[in-house]
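Enquirer: What follows is a single structure, and I will ask about it in a moment.
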Amino acid sequence: MKEQLIARFKEVFNKNYTKAYFTPGRVNLIGEHVDYNGGCVFPCGLTIGTYAIVRLREDNKIRLFSENFKESGILEFTLEKLIKENKWTDYPLGELKTFLDEGYKIDNGFDILFFGNIPNGAGLSSSASLEVLTGFILKSLFSLDIEMIEIVKLSQKAENLFVGVDCGIMDQFAVGMAKKDKAILLDCNTLDYRYVTLKLDNHSILIANTNKRRGLADSAYNERRNECDTALAELQTKLDIKSLGELSIEKFEENKNLIKDEIRQKRAKHAVYENARTERAVKALSQNNLKEFGLLMNESHISLRDDYEVTGLYLDAMVEALWEEEGVVGARMTGAGFGGCTVSIVEDKFIDQIIKNVGKKYTEKTGLTGKFYKVKIGEGAREI
Ligand code: GLA
């Protein structure tokens, strides 16, 4: 892949490259819509992701080209003029702008050829991958004194302020810090984390893309976030807490009537229960209890469907078809929802049969063709 992209760089920019980089996509196993509520998440990096072939320039031009959007050609900006255009360039430009605003010394332009093999807009963090990748390139090209955790935080800031999605920190953290064959248990309140080996003996992680684009996801995402913030403020009239993630299930149940609206109560319930589920799921995994882990994945989907209401017809059709199959230990939507992908743990010997049956049922129900990926767990951002 690298050699091919280097040759493309030469063709597109008519120059030799200086360096090459890669950042993965991520899949979240459990702990959905809890990162911005101060809870625990459990994502892992993938071996698919975003590549960048880069050359440092002597002037102040920023020239970007994506193999995924070839028809747009080379898009040109300058260090002084980084404009949001509501397209893929917002991610690298937003990252660069955030670094500049923070005072990092970046005084030359550069050419980048990008290529991503993560399906975009599918809940596998193609955007975070592009943001963190750009941050990593800036660190490397300009020898910036910045740790990965800081790149992660600036990437989230770029998405919040430049792109305009009020996301939590999970995706940027996962793609920056991922480790081969490990998932990351991340407490989004404290940013404490630990790697957990995924011992799946005879099982695999299967991702199914509904091929239903997320559509209005960004505005609905911000709406969910606001509902949770309001619910938190209502709970804070009595409770001394900084986030929903600090609440046990019992404490939530005792105090939920402080939340004056039924919908907001359901949103907060999801956040609190999902957080507890994540801890239980990680514990089950450490006890080699994959069955329990799978059941918790299923419960997570139900909560996202009924209480958080971010699944919808396509994700539900895919997950329901998965639940009916022999060899599926657990299945749920992953990422922001409203479309995109599901994640499941499946027994290897049934995998072909599962893909065949689920694919058929999904198409019958929705008219769309799903795509299935048996994924491997890969490393975080790096030079290649
Ligand atoms: C998106 C956001 C994350 C997280 C998930 C839902 O992927 O970028 O911060 O909130 O949705 O868990």
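The values are calculated or read from the model by the stated rules, or taken from the named source; none is laboratory data. Given the structure is predicted, the values throughout are model-derived calculations rather than measurements. Glycine gets a Cβ as well: all are built from the backbone with ideal geometry, and neighbour counts include every protein chain shown.
Enquirer: Applying the selection to segment 324-377, what residues are assigned to a loop (DSSP other than H, G, I, E, B) and closer than 26 Å to residue 274 by Cα?
Expert: 324, 325, 326, 327, 334, 335, 336, 337, 338, 339, 340, 376
Enquirer: When the residues of segment 39-61 are filtered to those that are farther than 16 Å from residue 377 by Cβ and under 16 Å from the mean Cα position of the chain (by Cα), which remaining residue is surrounded by the fewest Cβ atoms within 10 Å (Cβ to Cβ)?
Expert: This residue is 40.
Enquirer: On to the next question. State which residue is farthest from the chain's Cα centre (by Cα) when the search covers only segment 1-38 and only residues that are more than 15 Å from the ligand (Cβ to nearest atom) and of a type in the set (Lys, Arg).
Expert: The qualifying residue farthest from the chain's Cα centre (by Cα) is 15.
Enquirer: Could you tell me whether segment 208-229 includes any residue that is at pLDDT below 95, out of contact with any helix residue (DSSP H, G or I) (no Cβ under 6 Å at 6 or more places or on another chain), basic (Lys, Arg) and part of a loop (DSSP other than H, G, I, E, B)?
Expert: Yes; the residues of segment 208-229 include at least one that is at pLDDT below 95, out of contact with any helix residue (DSSP H, G or I) (no Cβ under 6 Å at 6 or more places or on another chain), basic (Lys, Arg) and part of a loop (DSSP other than H, G, I, E, B).
Enquirer: Given the residues 36, 51, 91, which is the only one that is modelled with pLDDT of 95 or more and in a strand (DSSP E or B)?
Expert: Within the list 36, 51, 91, the selection yields 51.
Enquirer: Let me ask something additional. Pick from 282, 310: which is in contact with a helix residue (DSSP H, G or I) (Cβ under 6 Å, 6 or more places away or on another chain) and closer than 20 Å to residue 28 by Cβ?
Expert: 310
Enquirer: Still on this structure: If I ask for residues that are polar (S, T, N, Q) and over 21 Å from residue 384 (Cβ atoms), which ones from segment 52-68 would you list?
Expert: Passing the criteria: only 60.
Enquirer: Checking residue 98 against (1) surrounded by 15 or more Cβ atoms within 10 Å (Cβ to Cβ); (2) hydroxyl-bearing (Ser, Thr, Tyr); (3) in contact with a strand residue (DSSP E or B) (Cβ under 8 Å, 6 or more places away or on another chain); (4) more than 27 Å from residue 344 (Cα to Cα), only one condition comes out false. Which one?
Expert: In the conditions (1) surrounded by 15 or more Cβ atoms within 10 Å (Cβ to Cβ); (2) hydroxyl-bearing (Ser, Thr, Tyr); (3) in contact with a strand residue (DSSP E or B) (Cβ under 8 Å, 6 or more places away or on another chain); (4) more than 27 Å from residue 344 (Cα to Cα), residue 98 misses (3) alone.
Enquirer: Suppose the filter is among the hydroxyl-bearing types (Ser, Thr, Tyr), out of contact with any Pro (no Cβ under 6 Å at 6 or more places or on another chain) and touching a residue at least 24 places away in the same chain (Cβ under 8 Å); does residue 210 pass it?
Expert: Considered against the rule, which asks whether it is among the hydroxyl-bearing types (Ser, Thr, Tyr), out of contact with any Pro (no Cβ under 6 Å at 6 or more places or on another chain) and touching a residue at least 24 places away in the same chain (Cβ under 8 Å), residue 210 comes out as yes.
Enquirer: Follow-up question, since we're still on this one. Exactly one of (1) surrounded by fewer than 23 Cβ atoms within 10 Å (Cβ to Cβ); (2) assigned to a helix (DSSP H, G or I); (3) under 22 Å from the mean Cα position of the chain (by Cα) is unmet by residue 315. Its number?
Expert: Failing condition for residue 315: (1).
Residues are listed down the side, and each one gets a yes or a no for (1) buried (at least 24 other Cβ atoms within 10 Å of the Cβ); (2) under 14 Å from residue 380 (Cβ atoms); (3) in contact (Cβ under 8 Å) with a residue 24 or more places away in the chain; (4) within 13 Å of the ligand (Cβ to nearest atom):
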position	(1), (2), (3), (4)
127	yes, no, yes, yes
134	yes, no, yes, no
171	yes, yes, yes, yes
175	yes, yes, yes, yes
185	no, no, yes, no
191	no, no, yes, no
194	no, no, no, no
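Enquirer: Kindly indicate whether any position in segment 71-87 is part of a strand (DSSP E or B) and in contact with a Pro (Cβ under 9 Å, 6 or more places away or on another chain).
Expert: Checking segment 71-87: not a single residue is part of a strand (DSSP E or B) and in contact with a Pro (Cβ under 9 Å, 6 or more places away or on another chain).
Enquirer: Further, regarding this structure: Name the single residue, out of those in segment 336-381 being within 16 Å of the ligand (Cβ to nearest atom) and modelled with pLDDT under 95, that is nearest to residue 205 (Cα to Cα).
Expert: Taking the candidates together, the pick is 340.
Enquirer: Does residue 143 satisfy the criteria of being of a type in the set (Gly, Ala, Ser), assigned by TED's automatic domain parsing to the domain that holds residue 285 and away from the ligand (no atom under 14 Å from the Cβ)?
Expert: no
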